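Step one of this worksheet: look at the structure below.
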Amino acid sequence: MKNRILIIAIPLMFFNSILAFAQQDRDSVLINLEKAGWEYEVKAGCNIGGIIPLGMPQEIRSINSYSPRLNGSFEGVVTHWFFKDKKWGASTGLRIEAKGMHASATVKNYSTEIITDGNRVAGYWTGDVNTKYSGTFLTLPFLVDYRFNKRWIINAGVYVSYMLEGNFSGDVSNGYLRQGTPVGEKLEFKDGKTATYDFDSDLRRFEWGPEIGVSWKAFNRFKLNADLAYGFDHIFKKSFKTITFNLYPVYLNVGFGYIF
Amino acid sequence: MKLLRLGLISFCICIMMASCIKDEAPNAEADITSCKIPSKALIRDPVITNDKVILYVNDSVDITKQAPEFTLTEGASILPASGTTRDFSSPQTYTVTSQDGKWKKSYQVEYVFNEMLTVYHFENVKMYNDIDYDTGKTKDFFQIFCDTLQGNEMEWGDGNSGFMIINSDAAATDYPTCQSDSGYVGKCAKLTTRSTGSLGAMFNAPIAAGNLFIGTFEINLTNTAKSTHFGVPFYSTPKELVGYYKYKAGSVFTDSKMNVVTGKKDNFDIYAVFYEVTDDVQYLDGTNSLTSSNIVSIARLTDKMETNQWTRFAIPFQMNNGKSIDQNKLKSGKYNLAIIMSSSIDGANFNGAVGSTLYVDEMQLFYE
């Protein structure tokens, strides 16, 4: 809950400061910093994507629905532009962001566990699976920027994220579980019978991977941004063996930025 | 907005490239889905569980030369092959291998033609074992009561395999149905109403009453009371059920939602039902074992008390109104008999008190 408050509070603080700045004439300090190649930007955006297996595992027979959810992000970025022409730059910043998705799929012989309070039923599921994933991350990007012209900038680099809170849960229905192994007792779930699963505590805290992006300056101080971040690590801890294939977070962040 | 659209499109393309649905994997399951023998020989539909096939046949069948035919999970294979002639004087083992070749399952196939046992000492149990999910090794989970008399074997049914699903780490003696050393003579059956924890509650089955019955158990999650299949063929007229019991009710009575019902005391149940088998009613289950119109006679213990002394009971069978026993049907195996015991009388509906314990020993069914 504390994290939730933080998530709301930090962006609000950002916006307040943006408004405060915008109302004043630009500080001479800022102008001098800009001359020295320093640029400050605040960004707000939305993460669209999902946690996807690298190549569809054989267990998944069809994807029935997918919703990326509305995942907000807020970021403060510092860029230093090098040399006189200021074509090359380097940036870093701090981003607080949400990632999530809802997906439903039909699977065959999909290894899973139904868990509550330490009791569990493990086995192989054939039928429908609904998955809900959401996480709140504190992210540090390290990027190299290249400016094509006044309007277009591309960048590439890596990002490192720490998950503040995360949730991976869902339910199974309309199928059957083979208990333990594919030849174990058959537990049929039909006529609306469902069971839930919850792997929150098995999610990995750290995430990292490459990030590439493009920006388009719409006005003097206003930018549109699109950044694609791809997580190199499986979203679950190494010790977690229940889901037999790896899932990687792939998110496109689209939004706008304001340069001071 | 153009940029946004471009971004979205390229992202979707990415996803699609990485995520084409692959060809379906070969099946990993290895089930016997049906079993066929000449239909004249059978007096019941074949009973097929996850590791057993029971064929109730009339006594004119030469069980030393039988060639049952099986249908299997698509792509699976069976050894010895379906249709192989074998001697079923004792149960025969078949091994089914899955289509992908990675999984094997053994089935015991049994022909039953003689009268069920009618004297029960509860001295013998065998262990139910299966592969343990954590270690991959075979592990003993719970006890199954079985009685043998002159090569005639009978296995009691119970709900332990349902309890195992959600409490796979429990010791055999912590299951709802197990053996106890403190019998009236030797060992006895001990039925205990157990809590199934939060996982059980999620399955809308917060308690598991200890039960022991003649029949088979096949878990039905949609309607758990239908998991118990009561009865086996019986060729005589049952007269009386006699035995010994001890009972202690649990202290807190709860309903199916785990709400405490104050002032209500748990009670046990011991009864036997004799019923006619028809095409649509091959067996009775927890929903109709006392109410089915196929029931001919019932013997149910009514004079019950909480006691820590072994107490004898003798319950005569009473004919249901307007019912009679057709001797021809009786001879041709058209009637079933079931004995049913539970540590909580309404345990099938998950009403009861955790801790209620029923001990039963030295039971006998009298018939003529």
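The values are calculated or read from the model by the stated rules, or taken from the named source; none is laboratory data. What you see is a predicted model, and the numbers here were worked out from it, not measured in a lab. As a convention, Cβ positions derive from the backbone with ideal geometry for all residues, glycine included, and neighbour counts pool all protein chains shown.
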Residue set B:LYS246, B:LYS226, B:LYS187; condition away from chain A (no Cβ under 14 Å), surrounded by fewer than 19 Cβ atoms within 10 Å (Cβ to Cβ) and in contact (Cβ under 8 Å) with a residue 60 or more places away in the chain; output residue B:LYS187
Return the pair list, or none, for Cβ contacts closer than 8 Å from residues in the range B:142-163 that are touching a residue at least 60 places away in the same chain (Cβ under 8 Å) and more than 22 Å from B:LEU284 (Cα to Cα) to residues that are among the β-branched types (Val, Ile, Thr) and assigned to a helix (DSSP H, G or I), at least 6 apart or on different chains. none
Which members of the range A:154-188 meet the condition of being within 14 Å of chain B (Cβ to nearest Cβ), touching a residue at least 12 places away in the same chain (Cβ under 8 Å), hydrophobic (A, V, I, L, M, F, W, C) and buried (at least 21 other Cβ atoms within 10 Å of the Cβ)? A:VAL172, A:LEU177, A:LEU187
Can you find a residue that is of a type in the set (Asp, Glu) and more than 7 Å from chain B (Cβ to nearest Cβ) anywhere in the range A:218-232? yes
Pairs where the first residue, in the range B:25-53, is more than 14 Å from every other protein chain (Cβ to nearest Cβ) and the second is in a loop (DSSP other than H, G, I, E, B) and among the basic types (Lys, Arg), C-beta under 8 Å, 6+ apart: B:ILE43/B:LYS334
Test result for B:ASN349, touching a residue at least 24 places away in the same chain (Cβ under 8 Å) and either crowded, with 17+ Cβ neighbours inside 10 Å or not β-branched (Val, Ile, Thr) (or both): yes
Residues in the range A:187-205 that are touching a strand residue (DSSP E or B) at 6+ places or on another chain (Cβ under 6 Å) and either among the hydrophobic types (A, V, I, L, M, F, W, C) or at pLDDT below 90 (or both): how many? 12
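Yes/no matrix, rows are residues, columns are (1) among the hydroxyl-bearing types (Ser, Thr, Tyr); (2) touching an Asp or Glu at 6+ places or on another chain (Cβ under 7 Å); (3) within 23 Å of B:PHE203 (Cβ to Cβ):
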residue: B:SER77; (1), (2), (3): yes, no, no
residue: B:SER90; (1), (2), (3): yes, no, no
residue: B:SER98; (1), (2), (3): yes, yes, no
residue: B:LYS102; (1), (2), (3): no, no, no
residue: B:TYR120; (1), (2), (3): yes, yes, no
residue: B:LYS139; (1), (2), (3): no, yes, yes
residue: B:PHE142; (1), (2), (3): no, no, yes
In the range B:129-187, which residues are over 18 Å from the mean Cα position of the chain (by Cα), under 21 Å from B:THR49 (Cα atoms) and not charged (D, E, K, R)? B:ILE131, B:TYR133, B:THR138, B:ASN152
